[in-house]
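Asker: First, the structure itself, so that you have it in front of you.
The values are calculated or read from the model by the stated rules, or taken from the named source; none is laboratory data. Model, not experiment: these values are computed from the prediction. A quick note on method: Cβ atoms are made from the backbone with ideal geometry, for glycine too, and the neighbour counts reach across all protein chains shown. Note: areas computed on protein heavy atoms with side chains; ligands, DNA, RNA excluded. Shrake-Rupley method; radii C 1.70, N 1.55, O 1.52, S 1.80 Å.
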Amino acid sequence: MPPEEPADPTIIEFDVRTDEMLVNMGPQHPSTHGVLRLVLRTDGEVISDVAPHLGYLHRCAEKIGENVTPIQFIPYTDRMDYLAGMNMNLGYSLAIEKLASLKVPEKAKIIRVLICELNRIASHLVGMGAYGLDLGSFSPFLYAFREREHILDLFEDVCGARLTYSYLTIGGAHDDLPTGWTVRCRKFIDYLKPRIPEYHALLTTNHIFVKRTAGIGVLSKQMALSYGCTGPMLRGSLDSTKGDPAWDLRKTEPYSGYEEYTFDVPLPPYDTAPSGTVIGDCWHRFYVRMREVVESIKLVEQAMEKYEALHAEGEKVKAEFAARRSTLTPDEAKKADAALAELMKTKYSHRVEPPRTLPAGECYVETECPRGQMGFHVVGRPSKENVPLRVRARSSCFCNLSVTNELCRGCLVADVPAIVGSVDVVMGEIDR
């Protein structure tokens, strides 16, 4: 008989049981992304259970929405997902417009797409930078905020605010884009494009980052669907080679004219995925967001072209009406003014006035926000009033966070920041 091979001295197997401990992570822990408390049940370094505790940021937003007019509630939507305030503004505005059967001018739709995609880029930059910070890398955080600062400067130009905007409102946008704004925006986009490879070098292909995220917190498609996960959280678990749909509301149920834009929904598998990564792990959720930044840049460029063409056309139409007006009779001038007003209402204006009262009935609208599908349910009162009877919000972050226990079970304590960071939660949206 051949001699037995000696055991590898580097492999030592043992099983040491320790008493289970309950460990608090948060609500002030830097890796909990806000005032989130995680109670970890651990056996040594191994996690057996994670219980997220919410409510530390609760501001009664939904109940406030039932006591103020829709226009007054727009600033409260800013404070839900405060990293994507423009997207929150749009979601609630679309719900009220659907309830009131209000049609928004074409120019306003273009402004909404342009502004929301810029906000999506800014939101993903924060997600990327903060995720690097969670895993011990400080430089990506500085790089991300360097670029985000340019976007906030552009937002400050259009509405005067840098975090809570109240810019996209019921009927369109609060103001038209300032003169020369698209030129500055185009200059920023040209500046941003060459920076994308820098982010990939800093994190995406970084050996340490890959080791911390590859194969960690694997979320299967079935689990993502059963928990109601949406957005990058869901798309990071889909497999295009198996016929999984590119589930993005901007494609599947387009709103604000998204059907007129050309862009892709990035789904795994990726040719650039490092070895060790698994579809549905932390790395894939991060990479989906990085790819979405590139697609949002395409959308911003297309929206700027549409805006500039439509704005020039509108100015030409107004100039022609003004030149003709002096040659018209009073009756003809009255008809011409009515025709111009109708054109502005349907095409060339940045906003139309909303109705003074809400009709009876109810509506529900979901939009594709940076963290997933954000839905608003609004119920009008039977009597003619402008204060809704009921306002409810369906938070994408709430559903995404609910799967934390499943993802963390069996991992190490050091993996919890990597998993929670890949979920990319904003507590203001959860504690609404």
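Asker: For the chain, what is the charge dipole size about the Cα centre, in debye to the nearest 20, if Lys and Arg each add +1 at the Cβ and Asp and Glu each add -1 at the Cβ?
Answerer: I would put it at about 1720 debye.
Asker: While we're here: Calculate the length of the line joining the C-alpha centroid of region 14-71 to that of region 119-173, in whole Å.
Answerer: 25 Å
Asker: Report, to the nearest 10°, how far helix 330-343 tilts away from the longest principal axis of the Cα atoms in the chain, using its own Cα long axis and a range of 0 to 90°.
Answerer: Taking the Cα atoms of the chain, the angle to 330-343 is about 10 degrees.
Asker: Past the 22 Å Cα-Cα mark, which pairs from K187/K298; K98/K221; K109/K384; K187/K316; K98/K298?
Answerer: K98/K221; K109/K384; K187/K316; K98/K298
Asker: Also: Please work out which option in (i) 43, 26, 18; (ii) 33, 29, 21; (iii) 47, 25, 18 gives semi-axes √(5λ) of the Cα gyration tensor in Å calculated from these coordinates, and answer with its label.
Answerer: The value matching this structure is (iii).
Asker: What spacing in nm lies between the two simple spin-label points modelled at V23 and S226, each 7 Å away from Cα in the Cβ direction?
Answerer: Label at V23, label at S226, 2.7 nm between them.
Asker: Per residue, how much accessible surface does the chain expose to a 1.4 Å probe? Answer in Å², no decimals.
Answerer: Accessible area per residue: 45 Å².
Asker: What area, in nm² and to one decimal, does the C-alpha convex hull of region 18-144 cast on average over all directions?
Answerer: Answer in nm², one decimal: 10.7.
Asker: Also, I was wondering about something else. Taking the full set of protein chains and a 1.4 angstrom probe, give the accessible area of V379 in square angstrom, rounded to the nearest 10.
Answerer: That residue has around 30 Å² of solvent-accessible surface.
Asker: Arrange the peptides 94-104, 235-245, 203-213, 112-122 so that the one whose residues have, on average, the most other Cβ atoms within 10 Å appears first.
Answerer: Sorting 94-104, 235-245, 203-213, 112-122 by mean packing, highest first, produces 112-122, 94-104, 203-213, 235-245.
Asker: A further question follows. Quote the relative contact order of region 73-201 in percent (integer), defining contacts as alpha-carbon pairs under 8 Å separated by 6+ residues.
Answerer: This gives 30 percent for region 73-201.
Asker: Taking the alpha-carbon set of region 306-407, what are its Rg and Dmax in Å?
Answerer: Both quantities, over Cα of region 306-407: 22.4, 74 Å.
Asker: Using a 7 Å offset from the Cα along the Cα-to-Cβ direction at both K242 and S275, what is the distance between the two label points in nm, to one decimal?
Answerer: So the two model labels end up 2.4 nm from each other.
Asker: Now a separate question. With +1 on each Lys and Arg Cβ and -1 on each Asp and Glu Cβ, and nothing else charged, work out how big the dipole of region 31-121 is about its Cα centre, in Debye to the nearest 20.
Answerer: 400 debye
Asker: Which value at 222 nm does the chain reach when only helices count, each DSSP H run of 4 or more adding -39,500 (n - 2.57), with the total divided by all residues and rounded to the nearest 500 deg cm²/dmol?
Answerer: -14000 deg cm²/dmol
Asker: Report the percentage of all Cα-Cα pairs in region 105-170 whose separation exceeds 14 Å, rounded to a whole percent.
Answerer: Value for region 105-170 (Cα pairs over 14 Å): 62 percent.
Asker: Note the angle between two axes, namely the Cα long axis of helix 181-192 and the longest principal axis of the Cα atoms of the chain, as a number of degrees from 0 to 90, rounded to the nearest 10.
Answerer: Once rounded, one gets 20 degrees.
Asker: Same structure, new question: Step through the residues of region 344-349 one at a time and calculate ³J(HN,Hα) from phi using the Karplus curve (6.51 cos²θ - 1.76 cosθ + 1.60, θ = phi - 60°), rounding each to whole Hz and writing x for Gly and Pro.
Answerer: 5, 5, 9, 9, 9, 8
Asker: Grab the Cα-Cα distance for V294 and R186, subtract it from 0.36 nm times how many residues apart they are, and report the gain in nm with one decimal.
Answerer: Length gained between V294 and R186: 37.4 nm.
Asker: Roughly to the nearest percent, how much of the accessible area of the chain is carbon and sulfur, given a 1.4 Å probe?
Answerer: With neighbouring chains kept in place, the figure for the chain is 55 percent.
Asker: May I pose another question? Provide the descending list of Cα extents for region 121-266 along its principal axes, expressed in whole angstroms.
Answerer: Rounded to whole Å, the extents work out to 49, 38, 25 Å.
Asker: Using a Förster distance of 25 angstrom, determine the FRET efficiency expected from the C-beta separation of T357 and Q72, and round it to 0.05.
Answerer: 0.95
Asker: Residue farthest toward the positive end of the dipole of the chain, with Cβ of Lys/Arg at +1 and Asp/Glu at -1: which of V365, G180, I115?
Answerer: G180
Asker: Follow-up. With every protein chain present, what accessible area does F138 have (1.4 Å probe, heavy atoms only), rounded to the nearest 10 Å²?
Answerer: F138 has an accessible surface of roughly 120 Å² with all protein chains in place.
Asker: With contacts defined as alpha carbon pairs under 8 Å and 6 or more residues apart, what's the relative contact order of region 255-376 in percent?
Answerer: Averaging sequence separation for qualifying contacts and normalising by length gives 17 percent for region 255-376.
Asker: In addition: Under 14 Å from the Cβ of E315, count the other residues' Cβ atoms, weight Lys and Arg +1, Asp and Glu -1, and hand me the total.
Answerer: Charge balance in the 14 Å sphere: 0.
Asker: Starting from the Cα of A312, step 7 Å along the direction of its Cβ; do the same at D157; then give the gap between the two resulting points in nm.
Answerer: Between A312 and D157, the simple spin-label model gives 1.8 nm.
Asker: Quick one: helix 106-134 against the long Cα principal axis of the chain, what's the angle to the nearest 10°, folded into 0 to 90?
Answerer: Helix 106-134 sits at roughly 20 degrees to that axis.
Asker: Can I ask one more? For region 285-365, give the magnitude of the charge dipole about the Cα centre (Cβ charges: +1 Lys/Arg, -1 Asp/Glu; no others), in debye to the nearest 20.
Answerer: Here the size comes out at about 160 debye.
Asker: Using per-residue counts of other Cβ atoms within 10 Å, averaged over each peptide, order 403-413, 154-164 from highest down.
Answerer: Those peptides, ordered most packed to least, come out 403-413, 154-164.
Asker: Going by Cα centres, region 216-276 and region 74-109 are how many Å apart?
Answerer: If you average the Cα positions of each part, the centres end up 24 Å apart.
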